[in-house]
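Heads up, the thing below is written out as structure tokens.
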Amino acid sequence: MKNQGKVKNLGNPINSPNDDFSLIFDNETSSGFFASNRTGGIGGDDIYALKTIDCIVSISGNAVDKDSEKPLPFATINAKNISGGNIGEAQTDAQGNYTIEIPCQESQYSIVANLEGYEEGSLFMITTPDEKKVKNARVILEESSKVAVIGADLVKVLKLAPIYFDLNSSYLRNDAFENLDKVVAYMKKRPEVKVEIGSHTDSREEDDYNLWLSDRRAKRTVAYIISEGIDSSRITGKGYGETELINKCINGVICSDRDHQLNRRSEFILIE
């Protein structure tokens with residue numbers, strides 16, 4: 001049998017983490033075809049054209065979680081040209097790092113990362129023809145469960161402990177600050193977000209007094225968040241008194257102190 005030479009991995013974008021097979025190549029035209037079941041195709045296995053090029057750009061970087069900045073291993077990385085076509089594919093390693101190669105003719109493109117449980121993350125890139133290596137291309141992904149919609153309460157989105165108040169008090173309790181700081185961190189990482197704090201009371205005391213008390217609770221909570229570096233235009237507060245109780249403890253109903261406590265709370269509603 002005739003010796004066919006050494007086997008060589010063709011690398012990205014021909015060799016991907018998926019099943020790539022049936023390569024046909026014409027040395028005279030430096031072009032060919034192959035089949036693959038990679039993402040972005042039309043069917044199960046699709047046929048792709050290829051043409052060898054002498055000029056490539058090597059891009060290295062990492063994929064990280066938006067909140068914790070922890071590395072994200074085994075994320076799929078695609079390079080896409082301005083038409084949306086795939087020009088390179090890779091996968092992050094156990095440390096969240098990746099290297100991907102694209103044709104140097106592509107001066108404007110995006111690095112797109114996908115990982116189960118996360119929203120797609122992307123990074124727009126511009127390189128000049130003489131750039132052969134690009135480093136520190138970081139793609140940031142956000143957990144799907146933390147992508148909040150208008151009207152969502154950050155206490156639930158961020159899985160915070162409830163922000164409670166003592167009876168007849170508008171002062172922030174010591175156990176509130178750790179969770180308030182998580183709201184601040186969330187807003188700092190998302191400068192487009194605006195929040196309305198809704199503060200509440202239980203049903204004890206008069207209605208007018210409870211509206212006044214809940215308004216003071218909202219204002220104290222707003223003041224703390226502003227003091228931690230959030231612009232005042234992004235945070236507002238409103239007191240609802242006892243108008244939005246979350247249990248049966250209305251006027252005239254006998255409830256335990258614990259049940260009343262559940263109503264003395266603040267919520268953090270996304271309004272924009």
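The values are calculated or read from the model by the stated rules, or taken from the named source; none is laboratory data. Values in this document were obtained by computation on a predicted structure and should not be read as measured data. Backbone-built Cβ (ideal geometry, glycine too); neighbour counts: all protein chains shown. Heavy atoms of the whole protein, side chains included, go into the accessibility calculation; ligands, DNA and RNA do not. Shrake-Rupley method; radii C 1.70, N 1.55, O 1.52, S 1.80 Å.
For the reader, a short list of remarks on this structure follows.
- Estimated FRET transfer efficiency (Cys55, Asp166; beta-carbon r; R0 51 Å; 0.05): 0.15
- If both residues of a DSSP beta bridge must be in segment 160-272, then about 60% of such bridges are antiparallel.
- Taking the accessible area of segment 205-264, probe 1.4 Å, and keeping the other protein chains in place, the carbon and sulfur fraction comes to 52%.
- Alpha carbon centroid spacing (whole Å) that separates segment 66-93 from segment 214-272: 41
- The chain - mean residue ellipticity at 222 nm from DSSP helices (-39,500 (n - 2.57) per run, n ≥ 4, rounded to 500): -5000 deg cm²/dmol
- Rounded accessible area per residue of segment 151-272, 1.4 Å, Å²: 51
- Test item: Cα-centred dipole of the chain, Lys/Arg +1 and Asp/Glu -1 on Cβ, debye: 540
- Cβ-placed point charges (K, R +1; D, E -1), dipole of segment 177-248 about Cα centre in debye, nearest 20: 440
- Dipole size of segment 122-272 about its Cα centre, with +1 on Lys/Arg Cβ and -1 on Asp/Glu Cβ: approximately 760 debye, rounded to the nearest 20.
- Rounded tilt (10° steps) of 207-227 against the dominant C-alpha axis of the chain: 40
- Heavy-atom accessible area ranking, 1.4 Å probe, most first, across Glu205, Glu101, Glu142: Glu205, Glu101, Glu142
- Surface share of carbon and sulfur [accessible, 1.4 angstrom probe, percent] for segment 81-157: 48
- Among the chymotrypsin sites (Phe, Trp or Tyr not before Pro) within segment 115-216, those in coil by DSSP and having at most 14 neighbouring Cβ atoms inside 10 Å are Tyr171.
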